[in-house]
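Below you'll find the structure, written out as structure tokens, and then a few comments.
The values are calculated or read from the model by the stated rules, or taken from the named source; none is laboratory data. Predicted model, so just to flag it, every value in this text is computed and none were measured. Cβ placement follows ideal geometry from the backbone for every residue including glycine, while neighbour counts extend to all protein chains displayed. Heavy atoms of the whole protein, side chains included, go into the accessibility calculation; ligands, DNA and RNA do not. Shrake-Rupley method; radii C 1.70, N 1.55, O 1.52, S 1.80 Å.
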Amino acid sequence: MTLTRRQFLIHAAAATTSFASLKAIAWGKAASEFGLKDQFKDDFYIGTALSGRKIREAEPRYMSRIGREFNALTMENSMKWEAVRPQEGVWRWENVDRFVALGEKLNAYRVGHVLVWHAQTPEWVFSKPNGDLRSRKDLAGLMEAHIQTYVDRYKGRIHAWDVVNEAIDGGKAWRKSHWYNILGEGYIDRAFNCAHDADPKAHLIYNDYNMDQPHKREQLLSYIRRAKKRGVPIHGVGLQSHVGLSFPNIDQFEQSIEAFAAEGMRIHITELDMDVLPVAWEHVGAEISTRFEYSKELNPYPNGLPMDVEQLMVERYVQFFKLFLKHRDKIDRVTFWGVGDGESWKNDFPVIGRTNYPLLFDRDYKKKKCYHAIAALGHTKPQ
Ligand code: 9MR
């Protein structure tokens, strides 16, 4: 059995004098109250995405993991347009208020996800009651009023916003969403300007998946260069990082970190998780419209992850964290897309009903091997 650096140190300390054993016990106790957020406190925030239902129900194991391990919080779904503003004139603030209050209680960095996205945005935003698409003027007005109301309400209480999400399509072009089709590229500038007007201190992020891919990287770099000349307040790039055992290519991923940072962008790893199930399709990133039919071959580990696959996962997570640490001067935050494997979206994407193991905590919120391997890379150790 291979011991992690931490386990090895505890074993080694316990094996020497009785004084050393006592010290090891004290050290172990401190370590158990010490979370990832502490391990990396001199490097970057360690974040997670929260479930609205779980924080409402305040499930104790869930809440204690959040409090101990993370110092940056995002809502996984409850701050999206369809959740906060399902109908025209109807705002639902309860979940967002609860999120902000929890973040304040935990003194965590709070991220608003998301202001402008093509998905999880109700149809009424784009179409008039008679079904016709809205005019340019109407849609621009609606978008600006949305951002203005939302960002202003939480001014000073939400540190960073994912202002525009996934505006680039699979090719080297803007996604042909209603936003783009009706408003053109200018909607991106408008969204950032408007968020900045509503809260000039908020950190404003463009967030997308597969940003390691050169054509997506180039598309965004070219926009950032143009936008900066126009004075658009864009401060950071969110690399979602829905990674797998065999993708992305880590060198290309690194090139993206370097390229965006060279344009003055802060880097946020915004939605990290690792798919460990067979990839029986061409790599689709997080394109949520993609679905594949269920088959047993695509769901090989319903009763637990085999050790050899888990070991690959550990090595891959370590590889990514070493990269993040290498670029700690550029990276503000590393956020995992969820707490425990049981609630990960990866159980249902891109095949519904699988058993996946993408996160650091298992279905009972116990630490997995990848947790310990990552923690062992942390700079800060308990005294
Ligand atoms: O994790 C979210 C999942 O529960 C939702 O069903 C899905 C629907 O669009 O959105 C997931 O979160 C997405 C995030 O908001 C933006 N980047 C891709 C994420 C995974 O699809």
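Below are the figures for this structure:
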read-out	value
Out of 83, 72, 58, sole residue that is hydrophobic (A, V, I, L, M, F, W, C) and free of Cβ contacts under 8 Å to residues at least 24 places away in the same chain	58
Meets criteria (within 16 Å of the ligand (Cβ to nearest atom) and open to solvent by less than 10 Å² (accessible area, probe 1.4 Å)) for residue 340	yes
Residues (within 17 Å of residue 241 (Cα to Cα) and either in a helix (DSSP H, G or I) or out of contact with any strand residue (DSSP E or B) (no Cβ under 9 Å at 6 or more places or on another chain) (or both)) located in segment 171-224	213, 214, 215, 216, 217, 220
Those helices (runs of 4 or more DSSP H) lying entirely in segment 59-125 with at least 1 residues surrounded by 15 or more Cβ atoms within 10 Å (Cβ to Cβ) and within 11 Å of the ligand (Cβ to nearest atom)	81-84
Criterion violated by residue 249 - all others in (1) over 23 Å from residue 191 (Cα atoms); (2) modelled with pLDDT of 95 or more; (3) open to solvent by less than 30 Å² (accessible area, probe 1.4 Å) satisfied	(3)
Selection within segment 236-264 - more than 30 Å from residue 278 (Cβ to Cβ), touching a residue at least 60 places away in the same chain (Cβ under 8 Å) and outside any helix (DSSP H, G or I)	236
Count of segment 198-212 residues which are more than 16 Å from the ligand (Cβ to nearest atom) and open to solvent by less than 10 Å² (accessible area, probe 1.4 Å)	4
Test: residue in segment 304-322 that is assigned to a loop (DSSP other than H, G, I, E, B), open to solvent by 40 Å² or more (accessible area, probe 1.4 Å) and at pLDDT 95 or above	yes
Residue in segment 39-51 that is open to solvent by 20 Å² or more (accessible area, probe 1.4 Å) and within 16 Å of the ligand (Cβ to nearest atom) present	yes
Residue selected from segment 343-383 under the condition among the aliphatic types (A, V, I, L, M) and touching a helix residue (DSSP H, G or I) at 6+ places or on another chain (Cβ under 7 Å), by the criterion most open to solvent (accessible area, probe 1.4 Å)	377
Selection count, segment 130-145, where residues are farther than 22 Å from residue 197 by Cβ and surrounded by fewer than 16 Cβ atoms within 10 Å (Cβ to Cβ)	5
